[in-house]
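One structure below.
The values are calculated or read from the model by the stated rules, or taken from the named source; none is laboratory data. No experiment lies behind these values; they were computed from the predicted model shown. Ideal geometry is used to build each Cβ from the backbone, glycine not excepted, and the neighbour counts take in all protein chains shown. We work out accessible area using only protein heavy atoms, side chains counted, and drop any ligands, DNA or RNA first. Shrake-Rupley method; radii C 1.70, N 1.55, O 1.52, S 1.80 Å.
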Amino acid sequence: MNQNNPQKERIFPFVWPWKGVNNELISLKEVIVHKRFSIAYLIIIWSIIGFLGFASTRNCEGTWQLALQCEYAFWVKNLTESPLIFIRNLFTTLFLHNGLDHILFVSVLGILIIVQSHEAIFGAKMTALIFISAYFTVAPFYGIFYTVGLDYFPESEFFQFAFERNWMGGSIGMFQVYGALSTKSRKPWLMLSIPVIFEMFNLSVLGIDLHISLMHLMATFLGYGISRLTSKERRPSPFQKV
């Protein structure tokens with residue numbers, strides 16, 4: 001086994017939240033210090049739910065809590081109507097969630113499995129950068145794509161739908177981190193194929209919006225590409241034994 005990069009030997013380089021990259025048990029203090037982004041994100045999103053309740057993708061007038069969260073969610077229309085708000089909401093939409101299934105999906109699969117594993121290997125700063133940058137790459141790309149698409153195909157229901165609701169949540173960041181984490185897999189192609197199969201299942205069985213699946217998949221492969229390009233510049237993980 002490569003002692004400088006032991007996680008590379010695994011197909012799925014996940015670690016338990018209470019363990020380090022070498023599968024060693026770590027102290028509570030080490031968990032807090034080295035997985036602080038994951039912890040902070042969970043505290044923020046669940047605090048928002050506690051104070052404001054769940055957001056809505058369409059109902060923005062029922063209560064002031066719904067109206068407030070709609071104001072800070074990602075709307076494609078803001079790209080042309082309110083560009084400054086469009087940019088502002090790239091910083092806020094990742095903290096909003098529209099239901100219990102939504103926030104549990106992000107919290108359990110996203111943070112407790114994927115993101116904190118990436119954080120154990122690459123560190124909190126790199127993980128935060130990969131996670132948050134998804135909202136400044138994937139979101140603007142699709143904002144432009146849907147805006148231009150509607151201009152050329154104004155009768156298209158696909159492009160119209162993108163403007164009829166808002167988009168929110170931590171799933172884009174989570175998928176981008178997953179893509180980055182796959183660079184530490186012995187078989188990255190296998191890890192990268194899982195989101196493709198997952199989104200095919202979502203589309204064919206669960207009936208999820210195609211728009212969401214496209215954003216998830218772009219984030220996955222973009223995360224993989226970013227991680228590959230920056231891998232030579234990384235410092236060793238604080239958990240890595242050399």
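Just reorder 133, 27, 107, 204 by solvent-accessible area, largest first, 1.4 Å probe, all chains present.
On the way: 133 30, 27 55, 107 5, 204 90 Å².
Reading off the accessible areas and sorting them downward yields 204, 27, 133, 107.
What's the carbon and sulfur percent of the stretch 62-171's accessible surface, probe 1.4 angstrom, rounded to a whole number?
So the carbon and sulfur contribution to the accessible surface is 70 percent.
Using the Cα centre as the reference, give the magnitude of the dipole from point charges on the C-beta atoms of the stretch 44-190 (Lys, Arg: +1; Asp, Glu: -1; all else neutral), rounded to the nearest 20 debye.
Computed about the Cα centre, the dipole is about 680 debye.
Which value, in Å², gives the accessible area per residue of the stretch 115-242 when a 1.4 Å probe is used on the protein heavy atoms?
Heavy-atom accessible area per residue stands at 47 Å².
With the Cα gyration tensor of the stretch 73-132 in hand, give its eigenvalues times 5 under a square root as the equivalent ellipsoid semi-axes, listed largest first in whole angstrom.
Working: eigenvalues 142, 54, 7 Å².
The equivalent ellipsoid of the stretch 73-132 has semi-axes of 27, 16, 6 Å.
Just to verify a number: what accessible area does residue 113 come out at with the full protein assembly present, 1.4 Å probe, Å² rounded to tens?
Residue 113 has an accessible surface of roughly 70 Å² with all protein chains in place.
Per residue Cα convex hull volume for the chain, in cubic angstrom?
Working: hull volume 31.9 nm³, N = 242.
Roughly 132 Å³ of hull volume per residue.
What is the Å³ per residue value for the convex hull set by the Cα atoms of the stretch 1-133?
Details: hull volume 17.2 nm³, N = 133.
Here the figure is 129 Å³ per residue.
Once the whole set of protein chains is in place, how much accessible area is left on residue 14, using a 1.4 Å probe, in Å² to the nearest 10?
70
Which angle between 0 and 90 degrees, to the nearest 10, do you get for helix 188-201 versus the longest principal axis of the chain when only C-alpha atoms count?
Here the helix axis deviates by roughly 30 degrees.
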